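The values are calculated or read from the model by the stated rules, or taken from the named source; none is laboratory data. What you see is a predicted model; the values in this text were computed from it and never measured. All Cβ positions, glycine included, derive from the backbone under ideal geometry; neighbour counts span all protein chains shown.
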Amino acid sequence: MIRFENVSKVYPRTHTHALRTVDVRIRKGEFVYITGHSGAGKSTLLSLLLRRTAPSEGRVLVNGQDLARLPERKLPLLRRAIGMVFQDHRLLASLSAEENLTFALRATGTRGDLQQRALQVLRQVGLAHKRKAYPIELSLGEQQRVAIARAMVTNPPLLLCDEPTGNLDPDTSWEVLELLSDLNIRGTTVVIATHSRELVDRLRRRTLVLRGGELVRDDDAGGYAL
Ligand SMILES: Nc1ncnc2c1ncn2[C@@H]1O[C@H](COP(=O)(O)OP(=O)(O)OP(=O)(O)O)[C@@H](O)[C@H]1O
Ligand SMILES: [Mg+2]
């Protein structure tokens, strides 16, 4: 599903080597952590998958498609196939939980009963009863669950999460992690960038470790210790 082929990334303005010949494959249905210290290149790796940025060398392939060769007009299609969850949830403050989801559905041109679909996914993250609440009326953990619901509402086969539990206490982090694990069990490929040792040690899954942009470990059973 995902293939990084000797990918290097240098940010030209600052000459930062964010990634150095990263070569890795992630298969459909996997649950993978990308760990490493701050600045190791985790977010850069995710940005490449959404083609927010381009590799300086090497190729990034999603479902066999070289993203560098993807025509501009097909970008929305790529981004519709990839759900993205950010550390700072980025919900729209002026919209309720449900409206945040229907907005995402509309933005991707989904038809049908959007409200029904939104409710179904909110139920899945255990927040149907909060569907009318605005982000400010939700706890941080609830906000993050709505953000995951929003990323999932278009039913993308791939979910990318950048520090999805960054602002959460351990219990709430665990709830979010269980939710992501559930989604994975139901078939979604999940990639989580995080520097949280607790997360990675608590639910052991394949773990990629970046150090200074280099992939220094790829461990099936996971665990954080370097
Ligand atoms: N847009 C950019 N322009 C220039 N340099 C950048 C840009 N984005 C990231 N960098 C640099 O690239 C390196 C990797 O950054 P990246 O954001 O991928 O790290 P990260 O592992 O996600 O870190 P964190 O855990 O702090 O989020 C860092 O040295 C960073 O300063
Ligand atoms: Mg980051």
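How about region 113-172: which of its residues are under 25 Å from F31 (Cβ atoms) and of a type in the set (V, I, T)?
Scanning region 113-172 gives V121, V125, V146, I148, V153, T154, T165, T172.
For V32, which of the numbered conditions (1) surrounded by fewer than 14 Cβ atoms within 10 Å (Cβ to Cβ); (2) among the hydrophobic types (A, V, I, L, M, F, W, C); (3) outside the structural domain of Q144 (by TED's automatic domain parsing) fails to hold?
Failing condition for V32: (1).
Specify which of the listed residues (T14, T53, T44) is crowded, with 22+ Cβ neighbours inside 10 Å and at negative phi.
On the way: T14 fails: crowded, with 22+ Cβ neighbours inside 10 Å; T53 fails: crowded, with 22+ Cβ neighbours inside 10 Å.
Answer to the selection: T44.
Checking the conditions here, which among K9, K42 is closer than 24 Å to P156 by Cα and within 10 Å of ligand 1 (Cβ to nearest atom)?
Numbers: K9 fails: closer than 24 Å to P156 by Cα.
Every option except K42 fails the conditions.
What are the residues in region 168-206 that are more than 16 Å from ligand 2 (Cβ to nearest atom), closer than 26 Å to N6 by Cα and among the hydroxyl-bearing types (S, T, Y), if any?
Correct list: T188, T189.
I'd like to check something: does region 116-123 contain any residue that is surrounded by fewer than 17 Cβ atoms within 10 Å (Cβ to Cβ), farther than 15 Å from T154 by Cβ and out of contact with any helix residue (DSSP H, G or I) (no Cβ under 7 Å at 6 or more places or on another chain)?
yes
crowded, with 20+ Cβ neighbours inside 10 Å and more than 16 Å from ligand 2 (Cβ to nearest atom): which single residue out of E5, E98 fits that description? Even if it seems obvious, please write down each step before you answer.
Working: E5 fails: crowded, with 20+ Cβ neighbours inside 10 Å.
Being crowded, with 20+ Cβ neighbours inside 10 Å and more than 16 Å from ligand 2 (Cβ to nearest atom) holds for just one of E5, E98, which is E98.
Which number in (1) in contact with a strand residue (DSSP E or B) (Cβ under 6 Å, 6 or more places away or on another chain); (2) not assigned by TED's automatic domain parsing to the domain that holds I34 marks the one condition that R150 misses?
Unmet for R150, out of (1) in contact with a strand residue (DSSP E or B) (Cβ under 6 Å, 6 or more places away or on another chain); (2) not assigned by TED's automatic domain parsing to the domain that holds I34: (1).
Restricting to region 57-89, what's the tally of residues that are surrounded by 14 or more Cβ atoms within 10 Å (Cβ to Cβ), in contact (Cβ under 8 Å) with a residue 40 or more places away in the chain and not hydrophobic (A, V, I, L, M, F, W, C)?
Count: 6.
Can you confirm whether A149 is within 16 Å of ligand 2 (Cβ to nearest atom) and either at pLDDT 90 or above or not aliphatic (A, V, I, L, M) (or both)? Spell out how you get there, then give the answer.
On the way: within 16 Å of ligand 2 (Cβ to nearest atom): no; either at pLDDT 90 or above or not aliphatic (A, V, I, L, M) (or both): yes.
For A149, the condition - within 16 Å of ligand 2 (Cβ to nearest atom) and either at pLDDT 90 or above or not aliphatic (A, V, I, L, M) (or both) - is not met.
With the condition being of a type outside the set (A, V, I, L, M, F, W, C), I'd like the strands (runs of 3 or more DSSP E) fully within region 136-226 carrying at least 3 qualifying residues.
Details: elements: 158-162, 189-193, 206-211, 214-219.
Those strands (runs of 3 or more DSSP E) span 206-211, 214-219.
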